[in-house]
Protein chains: 2
Amino acid sequence: MKLPVSTEWVLHCATSLAQLEPGATAPAARLAEYFDVPAAYLAKQLQALVRAGALAATTGPRGGFRLARPAAEITLLQLVEAVDGASAPYECREIRQQGRGALPPEDCRNTCILAAKMDEAHEAWRHSLRHVTLADILATLPEWAPARTRSRLAVSAGRKS
Amino acid sequence: MKLPVSTEWVLHCATSLAQLEPGATAPAARLAEYFDVPAAYLAKQLQALVRAGALAATTGPRGGFRLARPAAEITLLQLVEAVDGASAPYECREIRQQGRGALPPEDCRNTCILAAKMDEAHEAWRHSLRHVTLADILATLPEWAPARTRSRLAVSAGRKS
């Protein structure tokens, strides 16, 4: 049970974008340099965050990515599921209905209790990540962090990355 | 983030073994027939449950698998981690320490807050599964279930499977 390596990338990118001044953006190439990760693959993941409504992408000379919503409205769950999907790790293939021990369909109208318990665990995981926003993460950073992040990441007017 | 297909197999096998009479066993081949799953691969997974201390294996003409402990002492977490390992799905590769934005080591003595939150979610998942035992699962089955399971699964004295 593994999340993609890019999960770490998007969590850090979103946290960094949350530290920019309102309206400021960072291009994928600059974010890739910032974390030394592959630019093309990172760009693909950032586009997934755009589709998920967490980031907005702008084009043009000052184009790049920024948060699509306030940091307090973007949860870790949204970011993780944007890159990994929302399907549960446990797959119930209804083996209770196959083989010598097969239960008849009328005894399988309810979800298998094992699948139900596995789903509960997945919901506990989702619940945990749904209750952490980017604003919560920012609140734990040292005071000097946002200024440092901005100076190393932001593309400002009249300045080329 | 996917659990192996065999997760369903071992959860159902352990639940079935929990319904046998004390001392009764079921061979891997019979469990494989019972659920119509590949015998050799199932046997490998059952051996993993033995190593994890959930099942005991006996040899000889009446040999097979049985629970190694009372059903109330075997949790879903033990079964799942026996086949999938206990490592967390999120991997922190410390990208905060690499690239143009690299933080110096002295600022990275604590676990990254993002990794910490991902770990909390994994612990919520583990906590959920740690609090469901095979006895809890058995308590939800219909009254007729154990007798049916035993008649289709158990290898009793003087009877060949």
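The values are calculated or read from the model by the stated rules, or taken from the named source; none is laboratory data. Here the structure is a predicted model, which means the values were calculated and not measured. Note that we place each Cβ from the backbone using ideal geometry, even for glycine, and neighbour counts take in every protein chain shown. In case anyone asks, the SASA skips ligands and DNA or RNA and just uses the protein heavy atoms, side chains included. Shrake-Rupley method; radii C 1.70, N 1.55, O 1.52, S 1.80 Å.
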Mind putting a number on the dipole of chain A about its Cα centre? Charges go on the C-beta only, +1 for Lys and Arg and -1 for Asp and Glu, and I need it in Debye to the nearest 20. 640
Charge dipole of the protein assembly as shown built from unit charges on the beta carbon (Lys, Arg +1; Asp, Glu -1), centred at mean Cα; most positive-end Cα among A:Ala24, A:Gly99, B:Ser87 is A:Gly99
Considering amide H positions built from the backbone, and no H for Pro or chain starts, which residues 5 or more places from B:Arg100, or on another chain, come under 5 Å of its amide H? A:Tyr34, A:Phe35, A:Asp36
I need the inter-copy label distances for B:Tyr41: point set 7 Å along Cα to C-beta, values in nm with one decimal, smallest first. 2.7
Shape descriptors of chain A over alpha-carbon atoms, Rg and Dmax in angstrom, are 20.5, 73
Of all accessible heavy-atom area on region B:1-52, the percent that carbon and sulfur account for (1.4 Å): 57
Bins of 20 Å, beginning at zero and ending with the bin holding the largest distance: percent of Cα pairs per bin for the protein assembly as shown, please. 29, 40, 25, 6, 0
Region A:57-161: chymotrypsin sites (Phe, Trp or Tyr not before Pro) in DSSP loop, at most 15 other beta carbons within 10 Å: A:Trp144
For q = 0.15, 0.19, 0.26, 0.34 Å⁻¹, what log10 I(q)/I(0) does region B:32-72 give under the Debye formula with an equal point scatterer on each alpha carbon and no solvent? -0.38, -0.61, -0.98, -1.09
Quick one: with label points 7 Å out along Cα→Cβ, list the inter-copy distances for A:Ala135 in nm, shortest first? 4.6
For region A:70-161 (alpha-carbon point model, no solvent) the Debye-based log₁₀ I(q)/I(0) at q = 0.15, 0.24, 0.26 Å⁻¹ works out to -0.79, -1.16, -1.23
May I ask you to report, in nm to one decimal and beginning with the shortest, the distances from B:Gln97 to the same position in the other copies, taking label points 7 Å along Cα-to-Cβ? 5.1
From DSSP H assignment alone, runs of 4+ in chain A each adding -39500 (n - 2.57), the sum over residues rounded to the nearest 500 puts [θ] at 222 nm at -14000 deg cm²/dmol
XL table A:Lys2/B:Lys2; A:Lys2/A:Lys117; A:Lys117/B:Lys44; Cα-Cα > 18 Å flagged, in table order, is A:Lys2/A:Lys117; A:Lys117/B:Lys44
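Using only alpha carbon pairs under 8 Å that are at least six residues apart, calculate the relative contact order of region B:55-117 and give it in whole percent. Show your work: numbers first, answer last.
Details: 26 pairs, mean separation 11.0, N = 63.
Here the relative contact order equals 18 percent.
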